[in-house]
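Engineer: Dumping the structure here so I can ask a few things about it.
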Amino acid sequence: GTPQKYDPKFKGPIYDRGCTDVACCILLVLAIVGYVVVGIVAWTHGDPRKVIYPTDSRGQFCGHQGTANEWGPPPPPGSSLLIKMPQNERFPTFSSPCSKICVSQCPDRFMTYLNAYSVPANLQYYRQFCVPEFGDVSKAPIEVLRDKECPAMLFPSTPLARRCLPAIQAKKGVIMVGNETTYDDGHGNRRNVTELLEGARKANVVLEMRQLAMKIFEDYTVSWYWIIIGLVIAMVASLIFIVLLRFLAGIMVWVMIVLVILVLGYGIFHCYMEYAKLKGEAGSDVSLTDLGFQTDLRVYLHLRQTWLAFMIILCVVEVIIILLLIFLRKRILIAIALIKEASRAVGHIMMSLLFPLCTFFLLCLCIAYWASTAVFLSTSNEAVYKVFNESACQFSGQTCSPEKFNTSNVTKLCPDAQCLFAFYGGETAYHKYLIVLQFFNVFMFFWLVNFVIALGQVTLAGAFASYYWAFKKPDDMPAFPLFSAFGRALRYHTGSLAFGSLILAIVQVIRVTLEYLDHRLKAADNKFAKFLLSCLKCCFWCLEKFIKFLNRNAYIMIAVYGTNFCTSARNAFFLLMRNIIRVAVLDKVTDFLFFLGKLLIVGSVGILAFFFFTHRIKLVEDTAPSLNYYWVPILTVIVGSYLIAHGFFSVYGMCVDTLFLCFLEDLERNDGSAEKPYFMSPDLKKLLKKTNKGQPEA
């Protein structure tokens with residue numbers, strides 16, 4: 001339909017449109033249905049508890065309610081823990097195959113089974129770290145250790161991620177475990193606790209990180225409302241900056257240009273003064289070629305030739321900038337006028353500033369669905385049990401069943417063999433194609449994320465285009481331009497958005513694959529393969545940037561004319577190429593203003609947060625909360641302010657790009673006659689010396 005009330009004599013772009021790229025729309029719907037099916041299958045077979053809870057040697061969860069290793073509802077503090085019994089008791093490591101049992105608490109003392117066996121009280125304490133079936137305390141220690149029913153030794157441990165790891169600490173540079181520097185290995189030998197470091201290499205680091213995380217969490221609990229106030233200030237500042245661009249854009253651009261010229265002029269003057277000052281000094285007339293390369297760069301500053309070279313370079317740059325200003329001054333004025341017009345458009349469609357929240361919400365849904373599906377897929381394997389033994393055995397490493405193992409021939413032929421949990425896997429067709437499902441999950445994630453971003457871009461472009469092509473602004477605009485554009489995008493152009501996002505998703509998946517291959521080849525010594533991979537990564541990075549640029553402008557043409565993706569991309573590309581200088585000037589002017597705005601907003605809010613949280617503002621010195629780390633809320637405010645400013649300026653940038661393409665189309669399609677009037681603003685018409693003949697100006 002036609003969403004605008006144009007004067008019958010003045011026709012803008014063709015708004016009557018139909019569905020575009022229907023095949024891609026159908027493909028997207030089928031892909032989403034398949035994605036839902038994959039999610040349902042993953043949720044049916046997956047079990048996220050495998051990520052959260054450790055398992056014993058039988059694959060049973062430790063401490064989870066409703067399992068065999070539950071210690072009463074709710075579990076007592078310190079329960080849900082896993083302790084490992086190494087196969088080689090003399091050299092305990094935590095990466096080798098070992099028996100694993102669930103315990104209600106970690107050991108808190110050094111003790112060996114041989115020592116505990118002779119003391120009933122110690123043996124009673126020791127029993128809680130043995131397998132559940134162990135009950136014959138009169139059994140000889142050598143038989144208990146042979147059958148792996150109890151660990152050969154205990155040492156003080158701390159719970160970490162529901163696992164018991166040696167309680168290693170450093171006191172005055174001395175490594176200690178439980179205030180001891182040595183331990184009895186169960187064979188009458190005293191061993192140094194440093195031998196346990198290999199088994200818990202990263203335990204202390206993780207413990208310190210956990211303590212740091214707790215302190216950071218405490219800081220957030222006492223400063224969250226002040227952080228919100230800081231983010232609100234950033235939002236208000238971003239809005240004010242966008243409004244002020246309507247009045248200050250030209251001033252800011254020209255002031256910056258003048259400052260650049262003045263800075264370069266001062267640089268030329270300074271170089272000349274240094275060049276003149278060195279005249280007559282010993283060694284200053286040595287040429288750069290005679291001096292050669294010197295590691296101490298300060299030596300070059302004592303040569304007249306160095307300052308002469310600097311002065312010539314700065315003069316060339318100064319002349320180039322002045323010439324560019326002379327020849328491009330009109331295009332700079334056009335860019336400034338478009339930026340001012342964009343500020344007016346945003347002022348008439350204020351809801352556009354909140355639209356990124358809708359895009360953000362949809363992106364969060366995509367990320368949540370992808371992450372949950374990935375977790376369920378990765379945890380949908382079944383427990384696989386293998387035969388472990390110390391002596392030679394023909395069944396070693398074969399799959400076994402714990403329920404039938406004791407009655408099988410394996411125990412008869414290999415008395416020391418055990419059927420232990422090895423890993424999660426499976427041999428069904430579903431388990432064989434899990435990697436394919438994971439790849440499909442990643443691919444759909446990129447496709448849907450790009451589709452959501454494309455939907456946001458088309459919606460904003462449609463809303464701002466309705467502003468430009470309204471002959472009488474804002475009277476001829478739709479009542480709700482943003483919702484009208486959103487409806488048109490979903491109703492007519494879902495297929496085109498799916499097409500553009502599909503192309504980008506394919507390139508991104510290839511880039512992820514190349515990054516994975518690069519990670520796998522880091523240990524390899526094939527320089528040619530690494531060089532080839534680096535070239536491919538660079539090429540696909542450039543390709544992704546180009547496709548994003550092309551898609552963005554194609555979506556604008558889709559929003560304006562309702563053509564399919566390929567036609568829109570071609571028209572947008574050649575339209576920009578015919579006006580490449582205007583594109584470059586507008587891009588640089590816009591980038592400068594956005595950089596200035598982000599720097600101003602983030603810097604101001606960050607400085608305010610720094611003075612507030614460090615108690616340097618006398619008026620609110622007592623109001624500021626006491627913190628463990630004052631940089632936590634400051635960094636949060638700075639990052640949040642940047643994201644807020646980026647969100648506001650992304651809308652503004654889309655508005656500038658849309659108005660720019662509409663402006664170029666207006667110049668090429670219309671001539672100011674009664675049949676083809678210009679739709680640009682009076683300021684742009686005055687700047688370009690264009691008029692609508694026979695019609696009053698809007």
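The values are calculated or read from the model by the stated rules, or taken from the named source; none is laboratory data. Computed from a prediction, not measured in an experiment: that's the story for all the values here. Note that we place each Cβ from the backbone using ideal geometry, even for glycine, and neighbour counts take in every protein chain shown. The protein model used for the area step is the full one, side chains on, heavy atoms only, and it has no ligands, DNA or RNA in it. Shrake-Rupley method; radii C 1.70, N 1.55, O 1.52, S 1.80 Å.
Engineer: Among the residues in the range 300-320, are any closer than 21 Å to residue 591 by Cβ and in a helix (DSSP H, G or I)? Before you say what the answer is, go through the steps one by one.
Structural biologist: Here is the first cut: in the range 300-320, the ones closer than 21 Å to residue 591 by Cβ are 317, 320.
Remaining after also requiring in a helix (DSSP H, G or I): 317, 320.
Yes, the range 300-320 contains a residue that is closer than 21 Å to residue 591 by Cβ and in a helix (DSSP H, G or I).
Engineer: So which residues in the range 425-475 are open to solvent by 40 Å² or more (accessible area, probe 1.4 Å) and not in a helix (DSSP H, G or I)?
Structural biologist: Listed by number, the residues that qualify are 427, 428, 433, 472, 473, 474, 475.
Engineer: Just need a number here: residues in the range 347-368 that are under 15 Å from residue 645 (Cα atoms) and open to solvent by less than 50 Å² (accessible area, probe 1.4 Å). Explain how you work it out, then say what you get.
Structural biologist: Taking the range 347-368 and keeping what is under 15 Å from residue 645 (Cα atoms), we get 352-357, 360.
With the extra rule that they be open to solvent by less than 50 Å² (accessible area, probe 1.4 Å), the set shrinks to 352-353, 355-356.
Adding up the residues that qualify gives 4.
Engineer: How about the range 327-379: which of its residues are charged (D, E, K, R) and touching a residue at least 40 places away in the same chain (Cβ under 8 Å)? First the steps, then the outcome.
Structural biologist: Step one: list which residues in the range 327-379 are charged (D, E, K, R), which gives 329-331, 340-341, 344.
330, 331, 340, 341, 344 - these are the residues of the range 327-379 that are charged (D, E, K, R) and touching a residue at least 40 places away in the same chain (Cβ under 8 Å).
Engineer: For residue 264, state whether it is modelled with pLDDT of 85 or more, within 21 Å of residue 585 (Cα to Cα) and assigned to a helix (DSSP H, G or I).
Structural biologist: Working: modelled with pLDDT of 85 or more: yes; within 21 Å of residue 585 (Cα to Cα): yes; assigned to a helix (DSSP H, G or I): yes.
It is true that residue 264 is modelled with pLDDT of 85 or more, within 21 Å of residue 585 (Cα to Cα) and assigned to a helix (DSSP H, G or I).
Engineer: So how many residues does the range 574-605 have that are surrounded by 16 or more Cβ atoms within 10 Å (Cβ to Cβ), assigned to a helix (DSSP H, G or I) and not hydroxyl-bearing (Ser, Thr, Tyr)? Spell out how you get there, then give the answer.
Structural biologist: From the range 574-605, those surrounded by 16 or more Cβ atoms within 10 Å (Cβ to Cβ) are 575-576, 579, 582-583, 585-586, 589-590, 593-594, 597-598, 601-602, 605; that's our starting set.
From the residues that got through so far, the ones that are assigned to a helix (DSSP H, G or I) too are 575-576, 582-583, 585-586, 589-590, 593-594, 597-598, 601-602, 605.
Okay, now just the ones that are also not hydroxyl-bearing (Ser, Thr, Tyr), so 575-576, 582-583, 585-586, 589, 593-594, 597-598, 601-602, 605.
Matching residues across the range 574-605 total 14.
Engineer: Which condition breaks for residue 206 when tested against (1) more than 30 Å from residue 353 (Cα to Cα); (2) modelled with pLDDT of 75 or more; (3) under 25 Å from the mean Cα position of the chain (by Cα); (4) open to solvent by less than 80 Å² (accessible area, probe 1.4 Å)?
Structural biologist: It is condition (2) that residue 206 fails.
Engineer: Considering 685, 676, 618, which residue is over 39 Å from the mean Cα position of the chain (by Cα), modelled with pLDDT under 85 and open to solvent by 50 Å² or more (accessible area, probe 1.4 Å)? Working first, answer last.
Structural biologist: On the way: 685 fails: open to solvent by 50 Å² or more (accessible area, probe 1.4 Å); 618 fails: over 39 Å from the mean Cα position of the chain (by Cα).
Answer to the selection: 676.
Engineer: On to the next question. When you go through (1) within 30 Å of residue 49 (Cα to Cα); (2) open to solvent by 40 Å² or more (accessible area, probe 1.4 Å) one by one for residue 329, which number turns out not to apply?
Structural biologist: All conditions pass for residue 329, except number (1).
Engineer: Among the residues of the range 550-563, is there at least one that is open to solvent by less than 70 Å² (accessible area, probe 1.4 Å), part of a loop (DSSP other than H, G, I, E, B), in contact (Cβ under 8 Å) with a residue 24 or more places away in the chain and closer than 17 Å to residue 458 by Cα? Full working, then the answer.
Structural biologist: The first filter runs over the range 550-563 and keeps only residues open to solvent by less than 70 Å² (accessible area, probe 1.4 Å), leaving 550-563.
Subsequent filtering for residues that are part of a loop (DSSP other than H, G, I, E, B) retains 562-563.
Right, trim to in contact (Cβ under 8 Å) with a residue 24 or more places away in the chain and you get 562-563.
Still in the running and closer than 17 Å to residue 458 by Cα: 562-563.
Yes, the range 550-563 contains a residue that is open to solvent by less than 70 Å² (accessible area, probe 1.4 Å), part of a loop (DSSP other than H, G, I, E, B), in contact (Cβ under 8 Å) with a residue 24 or more places away in the chain and closer than 17 Å to residue 458 by Cα.
Engineer: Could you grab me the full set of residues in the range 630-648 that are part of a helix (DSSP H, G or I) and either of a type in the set (Val, Ile, Thr) or more than 16 Å from residue 598 (Cα to Cα) (or both)?
Structural biologist: Of the range 630-648, the ones part of a helix (DSSP H, G or I) are 631-648.
Residues satisfying the conditions are 631, 632, 633, 634, 636, 637, 638, 639, 644.
Engineer: Residue under question is residue 623, and the condition is that it be open to solvent by less than 80 Å² (accessible area, probe 1.4 Å) and under 28 Å from residue 350 (Cβ atoms); does it hold? Talk me through it step by step, then tell me what you get.
Structural biologist: Details: open to solvent by less than 80 Å² (accessible area, probe 1.4 Å): yes; under 28 Å from residue 350 (Cβ atoms): no.
It is false that residue 623 is open to solvent by less than 80 Å² (accessible area, probe 1.4 Å) and under 28 Å from residue 350 (Cβ atoms).
Engineer: Can you tell me which residue is nearest to the chain's Cα centre (by Cα) among those in the range 399-424 that are loosely packed, with under 15 Cβ neighbours inside 10 Å and assigned to a helix (DSSP H, G or I)? Step through it out loud before you land on a result.
Structural biologist: First, the residues of the range 399-424 that are loosely packed, with under 15 Cβ neighbours inside 10 Å: 399, 401, 403-404, 406-407, 409, 412-413, 415-416, 423.
Restricting the remaining residues to those that are assigned to a helix (DSSP H, G or I) gives 403-404, 412-413.
Working: 403: 46, 404: 48, 412: 56, 413: 55 Å.
Checked the range 399-424; the qualifying residue nearest to the chain's Cα centre (by Cα) is 403.
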